[in-house]
Amino acid sequence: MIKILRDTVHNFIVLNLPKDELILRLIDTPEFQRLRRIRQLGLSSITYHGAEHSRFPHCLGAMHVATKMIEHLQRQFAGTYPITDRDALLVRVSALLHDLGHGPFSHVLEEFFSTSLGGAAHEHWTRELIINQDTAVNQILRSYDQELPRDVYDLIKGVYSKDGKNYLCQIVSSQLDADRMDFLMRDPLLAGVKYGTFDLERIIYTLWLAHHKASESIVIAVLEKGLHAVEQYVLARHFMYQQVMLHKATRGFEKLLQSMLRRARKLHLHQQLAFVPRNLAPFFDKDTRPPGLDDFLRLDDSDILYATKMWRHEKDEILSDLATRLITRKLLKGIVVVGGRKEDPVKQFSEIAERSKAHLGGERADYYFYIDYASDQPYKYTPYVYTAEEEEGPHTRILVWKSNPEGCVDIHEMSKAVQSIAETIYKRVIYCPREDQEQIINIIKAVGASVVSR
């Protein structure tokens, strides 16, 4: 018996029953179903109106790609590096659950909620949802295998190493993993941009298990004939981050949402907030216990949207205005001051901030002026020098297998295309109200910086 899930990107995601009964049961848990109410691209729909999809289909897609990757390796290396059915199930379940701990609007509110939780980010909640024995996810995993919850979490974290099979982590957490392959196809398609084109099947069918001399370990590499497909993939990631994830309108909208929540929490702590959504209250209160797992599971995008609608009617003018701006898409103006590959002088931007906030004055400066320090490194490359303390080993990189004495070679050493985009790209955008734009531009120029666009 088979269960077919129709998917926008992959068409058919097939579950074979009873073999895949565990995966189907995990999909039906409240913890996984919650991902339907967490947007994959946060607030990107404000810029790309089609980007309304959730984490739910992405996690299913990541599991589907991981299935194809592990089954290919299982067939290809049955005699030399045996991959058991449990190994394959572990990889598939880990890919399915890798985003379980994301909060409202995914990464957008990570900083706000981690501050509320004493530093706990989505990785913390992913761990709790898998390891905590009170969750349905944990109970289902333990009903299959008592060690499965810990193994799943270790694989997601990238530290799984049973039987020397650390290479399984690459399928779920690396620079060439099932997570990225799915979102680099799904996100551009639903956002309506054309940057996610790469040959997925070619990459999968050129995956190879190889001995990595420098680390004395088995790694997943790509055969040399798959190089161009991987170049496509790395370039797709580069363009997606520059054009979608780091779009200045989207980033400005995210700053507005963060400001609104900061203002609401401040008013609440001073007992000046008339309406506090029940599900948000544990994240606003400082004098009560820290928010727990149940508090986190109750919270999703709909709570933030409902609060925003209600806060339009608050007496506090700043909170009311911020909420109204979010509802009516009245964005702050984004001024790109410095773009490119050179780091900006800290002193210069500190002076811009100081003068601009003096111009805006008072609390207005705290909630209506931001400098966004965005950066991205399309491919992270570090020369192969290993120490016992090193965190980034070969499993985080993209390796190409050459059938000669060289063996595994980092793609950065073979590809001019990857070399051209391997450095960190910095993007500095200053946000302010439209009516203050010209004064802020004059301040920027006065300190010797130049305006790239506005």
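Derivation of every value follows stated rules applied to the coordinates shown; laboratory data play no part. As the structure is a prediction and not an experimental result, all values here were calculated from the model. Cβ coordinates were reconstructed from backbone atoms using ideal geometry, including for glycine residues, and neighbour counts include every protein chain displayed.
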Once every DSSP H run of n ≥ 4 in the chain is given -39500 (n - 2.57) and the sum is divided by its residues, what mean residue ellipticity at 222 nm do you get, rounded to the nearest 500 deg cm²/dmol?
-> -14000 deg cm²/dmol
Using modelled amide H (1.01 Å from N, peptide plane; none on Pro or chain starts), what sits under 5 Å from the amide H of Ser54, excluding residues fewer than 5 places away?
-> Gln40
Calculated from backbone phi, Karplus (6.51, -1.76, 1.60) coupling profile of segment 92-103 in Hz, x at Gly/Pro = 5, 5, 5, 5, 5, 9, 5, 10, 4, x, 6, x
Would you mind computing Rg(Cα) / (2.2 N^0.38 Å) for the chain, counting N as its residues?
-> 1.05
Treat the count of other C-beta atoms within 10 Å as a stand-in for reagent exposure and order Lys357, Lys248 from fewest to most.
-> Lys357, Lys248
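How high is the FRET efficiency between Met310 and Glu147 when r is their beta carbon distance and R₀ equals 60 Å, given to the nearest 0.05? If you can, show how the numbers build up before the last one.
Working: r = 46 Å, r/R0 = 0.77.
Once rounded, the FRET efficiency stands at 0.85.
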Looking at Val447, Phe113, Ser217, which one has the Cα that reaches farthest to the positive end of the dipole of the chain (charges on Cβ: Lys, Arg +1; Asp, Glu -1)?
-> Val447
About the Cα centre, charge dipole magnitude for segment 247-331 (Lys/Arg +1, Asp/Glu -1 at Cβ), debye | 400 debye
Relative to the longest principal axis of the chain, what angle (0 to 90°, nearest 10) does the C-alpha long axis of helix 301-311 take?
-> 0 degrees
Segment 70-102-segment 255-294 distance, computed between alpha-carbon centres (Å) | 41 Å
Roughly how many debye, to the nearest 20, is the charge dipole of the chain about its Cα centre, given +1 on each Lys and Arg Cβ, -1 on each Asp and Glu Cβ, and no other charges?
-> 1320 debye
So which aspartates and glutamates pass the test for Lys162, namely a Cα distance under 13 Å, with those fewer than 8 places away in the same chain ruled out?
-> Asp87, Glu147, Asp151, Asp154
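Taking the alpha carbon gyration tensor of segment 33-192, what are the square roots of 5 times its eigenvalues, largest first, to the nearest whole Å? Kindly include the intermediate steps, with their values, before the conclusion.
On the way: eigenvalues 153, 83, 32 Å².
They are 28, 20, 13 Å, listed from largest to smallest.
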Cα axis of helix 346-360 to longest principal axis of the chain: angle in degrees, 0 to 90, nearest 10?
-> 40 degrees
Taking Tyr431, Tyr81 and counting other beta carbon atoms within 10 angstrom, the fewest-first order is Tyr81, Tyr431
For Val91, Val409, ascending order of other Cβ atoms within 10 Å (fewest first) is Val409, Val91
